[in-house]
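Encoded as structure tokens, the structure appears first; notes follow it.
The values are calculated or read from the model by the stated rules, or taken from the named source; none is laboratory data. Keep in mind that what you see is a predicted model, and the values were worked out from it rather than measured. Here the Cβ positions follow ideal geometry from the backbone for every residue, glycine too, while neighbour counts run over all protein chains shown.
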Amino acid sequence: MEHNLPVNVREYQELAKKALPKMHYDNINGGAEDEYTLRENIAAYGRIMLRPRVLVDVSKIDMSTSLLGYNMPSPIIVAPTGPHKLANPEGEVATARAAAACNTIMVLSFGSSCKIEEVAASCDAIRFFQLYMYKRRDVSATLVRRAESLGFKAIVLTVDMPVLGRREADIRNKMVCPPSPNLEGLMPFDDDLGTGGGSKLERFASETLDPSLSWKDVEWLKSITSYLPILLKGIVTAEDARKAVEAGVAGVVVSNHGGRQLDYAPPTISVLEEVVKAVAGAVPVLVDGGVRRGTDVFKALALGAKAVMVRPDHCRANSCSGRWKILICLTALQVGRPVFYGLAARGEAGARHVIEMLNKELELAMALCGCRSIAEITRRHVLTEGDRI
Ligand code: FNR
């Protein structure tokens, strides 16, 4: 039995910092340019207060929810975050096992350091596959087909990275990132990929990512995916949320890539309500960025739970029987760096412990706010700065 285990995500972060080479820690932890968005993702949660209701019998708390028809014991899922072997030699296999132990969903990055086939064979976690659009569409198409045949349940297309954000720590450290084995045989890559200055990551991205990515490609992706639902990750405005629904996607992920792409993009928690309102219950909304506490999860659920009244004919993802229905729009929160910290500090056990701790903290927040189920968390349980004016 291990003693002195970390008691929160921040302590895992400190352990990760000690455990990792500086280049890797800076890459995982860092953001774009001034890192304003990176800091604000976290700070914005700190400006939201809770409005607890008392004298509610909270002897039983039910955190269960579902996403695209998959039942989960809590709304916390694992975000796609690059190559996990930067943190631990077992890489994504360890993370997938941690997610499976918590019965939650793992979104596997296209750039995973364990081959997608290896991750699929390692355990029975429910997995979504995250995709970037490559200049070579045949590479994207091949990855989608592999994900389909391996039993992945959804494709998450990341749309906030037509070009790589300027991550200055990576440039300074001349960050080297081994190419993903997923691309073996599909793309030419070697240690000297590309020319010019900057980190190797920058050169890899500029040679492979397609800056012409547009709504037409969402159509194309739908056309080559025989049955998997497609989610768009990286939506932060009502305008794009509405377009996503019109494009017929199965869900949107409110994300600014953890502050790693456009600096001064808004902190995700500050635009969640706007997106939820625009989507109006048509498809599930997910959010990521800055979640470090169970209370953060609670706050997001409160802002995303804005009950919207929808006509059944506007309602695709939820089963609407009556004329009007109140919907819970925010269905899941993705955590990125916290899981990475756990993995770096203690491997699979650490990643699992981080998810379990966040679940425990959410349970506690719900009990102390007088909410016995996710459905009982409402907008009236939080106070934002705007509310005070
Ligand atoms: C990421 N993120 C990311 N997103 C994506 O769509 N594909 C990817 O390959 C990666 N890779 C990646 C690597 C690392 C090291 C980090 C930290 C992040 C972004 C990720 O999915 C998510 O949006 C953020 O991590 C959420 O913010 P937090 O939870 O890290 O604050």
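Give the residues of the range 103-114 that are more than 16 Å from the chain's Cα centre (by Cα) and either crowded, with 24+ Cβ neighbours inside 10 Å or within 15 Å of the ligand (Cβ to nearest atom) (or both), sorted by residue number.
Here is the first cut: in the range 103-114, the residues more than 16 Å from the chain's Cα centre (by Cα) are 103, 113-114.
Within the range 103-114, Ser113, Cys114 meet the criteria.
For residues that are of a type in the set (Lys, Arg) and over 21 Å from Arg337 (Cβ atoms), scanning just the range 260-306, find the one that is surrounded by the fewest Cβ atoms within 10 Å (Cβ to Cβ).
Residues of the range 260-306 of a type in the set (Lys, Arg): 260, 277, 292-293, 299, 306.
Add one more test, that the residue is over 21 Å from Arg337 (Cβ atoms), and what stays is 277, 306.
Values: Lys277: 14, Lys306: 18.
Only one residue tops the list, namely Lys277.
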Can you tell me which residue within the range 125-158, out of those that are out of contact with any Phe, Trp or Tyr (no Cβ under 6 Å at 6 or more places or on another chain) and over 18 Å from Tyr227 (Cβ atoms), is surrounded by the fewest Cβ atoms within 10 Å (Cβ to Cβ)?
Asp138
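Kindly establish whether Pro52 is surrounded by fewer than 15 Cβ atoms within 10 Å (Cβ to Cβ), in contact with a helix residue (DSSP H, G or I) (Cβ under 9 Å, 6 or more places away or on another chain) and modelled with pLDDT of 95 or more.
Working: surrounded by fewer than 15 Cβ atoms within 10 Å (Cβ to Cβ): yes; in contact with a helix residue (DSSP H, G or I) (Cβ under 9 Å, 6 or more places away or on another chain): yes; modelled with pLDDT of 95 or more: yes.
Yes, satisfied.
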Quick check on this structure: which one of Val156, Val58 is assigned to a loop (DSSP other than H, G, I, E, B), touching a Lys or Arg at 6+ places or on another chain (Cβ under 7 Å) and touching a residue at least 40 places away in the same chain (Cβ under 8 Å)?
Val58
Are any residues in the range 307-354 β-branched (Val, Ile, Thr), at pLDDT 95 or above and surrounded by fewer than 24 Cβ atoms within 10 Å (Cβ to Cβ), and if so, which ones?
none
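Could you tell me which of the residues Val163, Val139, Val156 is within 12 Å of the ligand (Cβ to nearest atom) and over 20 Å from His24 (Cβ atoms)? Talk me through it step by step, then tell me what you get.
Values: Val163 fails: within 12 Å of the ligand (Cβ to nearest atom); Val139 fails: within 12 Å of the ligand (Cβ to nearest atom).
So the residue among Val163, Val139, Val156 that is within 12 Å of the ligand (Cβ to nearest atom) and over 20 Å from His24 (Cβ atoms) is Val156.
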Name the one entry in Gly69, Gly91 that is without any contact (Cβ under 8 Å) to a residue 40 or more places away in the chain and more than 16 Å from the ligand (Cβ to nearest atom).
Gly69
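Answer yes or no as to whether Ala120 is more than 16 Å from the chain's Cα centre (by Cα), outside any loop (DSSP other than H, G, I, E, B), more than 15 Å from the ligand (Cβ to nearest atom) and under 24 Å from Ala244 (Cβ atoms). Quick ask: steps written out before the conclusion?
Details: more than 16 Å from the chain's Cα centre (by Cα): yes; outside any loop (DSSP other than H, G, I, E, B): yes; more than 15 Å from the ligand (Cβ to nearest atom): yes; under 24 Å from Ala244 (Cβ atoms): no.
No.
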Quick check on the range 239-249: of everything there that is assigned to a helix (DSSP H, G or I) and of a type outside the set (D, E, K, R), which residue is surrounded by the most Cβ atoms within 10 Å (Cβ to Cβ)?
Ala244
Being modelled with pLDDT of 95 or more, in a loop (DSSP other than H, G, I, E, B), closer than 30 Å to Glu361 by Cα and among the aromatic types (Phe, Trp, Tyr): is that true of Phe129 here?
no
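If I filter the range 167-180 down to residues being part of a loop (DSSP other than H, G, I, E, B) and buried (at least 16 other Cβ atoms within 10 Å of the Cβ), which single residue comes out as farthest from the ligand (Cβ to nearest atom)?
Just the residues of the range 167-180 that are part of a loop (DSSP other than H, G, I, E, B), to begin with: 167, 174-180.
Keeping just the survivors that are buried (at least 16 other Cβ atoms within 10 Å of the Cβ) gives 167, 175, 177, 179-180.
On the way: Arg167: 10, Met175: 11, Cys177: 10, Pro179: 13, Ser180: 9 Å.
Of everything passing the filter in the range 167-180, Pro179 is farthest from the ligand (Cβ to nearest atom).
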Of all residues in the range 245-269 being of a type in the set (Ser, Thr, Tyr) and under 23 Å from Thr295 (Cβ atoms), the one that is nearest to the ligand (Cβ to nearest atom)
Ser255
Return the residues of the range 217-238 that are surrounded by fewer than 17 Cβ atoms within 10 Å (Cβ to Cβ), modelled with pLDDT of 95 or more and not in a helix (DSSP H, G or I); say none if nothing qualifies.
Thr237
I'd like the full set of residues that are over 18 Å from the mean Cα position of the chain (by Cα) and of a type in the set (S, T, N, Q), limited to the range 139-172.
Ser140, Thr142, Ser149
